[in-house]
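A short reminder: the numbers here are calculations on the coordinates, not readings from a lab. Quick caveat: nothing in here was measured; it's all calculated off a predicted structure. Using ideal geometry, Cβ is built from the backbone for each residue, glycine included, and neighbour counts are taken over all protein chains shown.
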Amino acid sequence: MKGVIIAAGYGTRFLPVTKTIPKEMLPLINKPSIDFIIEEFVKSGIREILIITSRRKKTLDDYFDREMELEAVFAKEGNSAKLKSIKQPEADIFFKRQGEMRGTGHAILEAWPFIGNEPFVVAYPDDLHFGEIPLASQLISTYEKTGCSVLSALHNPPDLDRYGVLALAGDGLHVTDIVEKPSPGNEPSREASIGRYLYTPDFFPLLKEGWDLHLASGGTGEYFHVYALKKLMDAGKVVFKSIEGERLDTGSPSGYLRAILRYSMSDPELKKVLTEECGKLCRE
């Protein structure tokens, strides 16, 4: 199983910092967001990972390269903790630039030569997962049971109308449609699609078919993966997995702040600082 991370976007909601720093490099304290996705993939048995980037994302290449000078300094000091902190992931990481910003469907299509004819997991770094069982592993287990493409879903979030909501077949497992941001009371289910997918090999020919239709119709804007996904749904080849664990959304400044706070609570020292500061703020 291979993995693909879509990291080519502009990150405009975080301007001005994303003029020069990729959004995927914005840290939760001291670890870039994209590192959490890499860890999730590796823990799920994914050892070949393609990151789709763009011209402005060279920092990502540098981050996953070896830092020989620091390694030498820490080795000389005998500082094993710092050596471990900069150790490269136990995976082969590749990069491909999306030459034109033509949408996520086009970005995924760029991964076809890398993936070949096998299933693969796609991650959007806005969605981070914390839990005993890595999210990619949950999708892989569902695929192994069903042989279908798998969508990850958040069950009954309080702001359901902000998501693409899954319409389910009578078996409560297969997905028949995605309804974007349904008005309250018109949701087809309580399952909200989030940024982690497992696609079977038959996804790529449909993605290419949709791309060709997009170009033939004079489409100059962004191309998304919805056409291919709905074709698979019509064929009864898409299921979903309600995620186990916690999902943190770093896609907006407010969500990013919440993610930092939630992540800080997992570290005893940071939790102490956060608790003290929150107490002070509440008294002001």
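Anyone know which of Gly11, Gly105, Gly116 comes out most mobile in the 10 Å Cα GNM of the chain?
Gly116
So which residue, out of Arg66, Arg56, Arg196, gets the largest mean-square fluctuation from a GNM of the chain using Cα contacts under 10 Å as springs?
Arg66
Full-extension gain between Asp202 and Asp234, please, as 0.36 nm times their residue separation minus the C-alpha to C-alpha distance. List each step's numbers first, then the result.
Values: separation 32, 0.36 × 32 = 11.52 nm, distance 1.32 nm.
Length gained between Asp202 and Asp234: 10.2 nm.
In whole Hz, what ³J(HN,Hα) sequence does region 178-187 give by Karplus (6.51, -1.76, 1.60; θ = phi - 60°), x for Gly and Pro?
Coupling constants for region 178-187: 10, 9, 7, 6, x, 5, x, x, 10, 6 Hz.
A 24 angstrom limit on the alpha carbon distance is what I want to check against. Which of Lys82/Lys271; Lys58/Lys230; Lys84/Lys280 exceed it?
Lys58/Lys230; Lys84/Lys280, as the Cα separations exceed 24 Å there.
In debye to the nearest 20, how big a dipole does the chain give about its Cα centre with +1 on each Lys and Arg Cβ and -1 on each Asp and Glu Cβ?
In debye, rounded to 20, the chain gives about 460.
With a length cut of 27 Å (Cα positions projected on each helix's long axis) and a Kyte-Doolittle mean of at least 0.0, go through the chain and give me the DSSP H helices that pass.
Correct list, ordered by number: empty.
Going by average Cβ neighbours within 10 Å, how do the peptides 75-83, 221-229 rank, with the highest at the top?
Descending mean neighbour count gives 221-229, 75-83.
Go through region 105-118 residue by residue and turn each phi into a ³J(HN,Hα) via Karplus (6.51, -1.76, 1.60, θ = phi - 60°); whole Hz please, and just put x for glycine and proline.
Running phi through 6.51 cos²θ - 1.76 cosθ + 1.60 with θ = phi - 60° gives x, 5, 4, 5, 4, 5, 8, 3, x, 6, 6, x, 9, 8 Hz.
Out of all DSSP beta bridges with both ends in region 136-284, state the antiparallel percent to the nearest 5. Provide the component values of the computation, followed by the final result.
Values: 12 of 17 bridges.
Roughly 70 percent of the beta bridges in region 136-284 run antiparallel, per DSSP.
When the scattering of region 94-200 is computed by the Debye formula from its Cα atoms alone, each counted once and equally, what is log10 I(q)/I(0) at q = 0.20 Å⁻¹?
With one equal scatterer per Cα and no solvent, log10 I(q)/I(0) is -1.20.
Within region 1-43, what residues put their amide N at less than 17 Å from the label point 7 Å along the Cα-to-Cβ vector of Val273?
27-32
Under 10 Å, Cα contacts only: if you run a Gaussian network model on the chain, which one of Val165, Val17, Val122 comes out with the highest mean-square fluctuation?
In the Gaussian network model the winner is Val17.
Please list, by residue number, everything in region 163-181 whose backbone N is under 20 Å from a paramagnetic label point 7 Å out along Cα→Cβ of Leu213.
Zone members listed by number: 167, 175-180.
Starting from the Cα-Cα distance between Asp92 and Leu261, subtract it from 0.36 nm times their residue separation and give me the gain in nm to one decimal.
That pair, Asp92 and Leu261, stretches by 57.7 nm at full extension.
Among the DSSP beta bridges whose two residues both lie in region 2-251, what percent are antiparallel, rounded to the nearest 5?
50 percent
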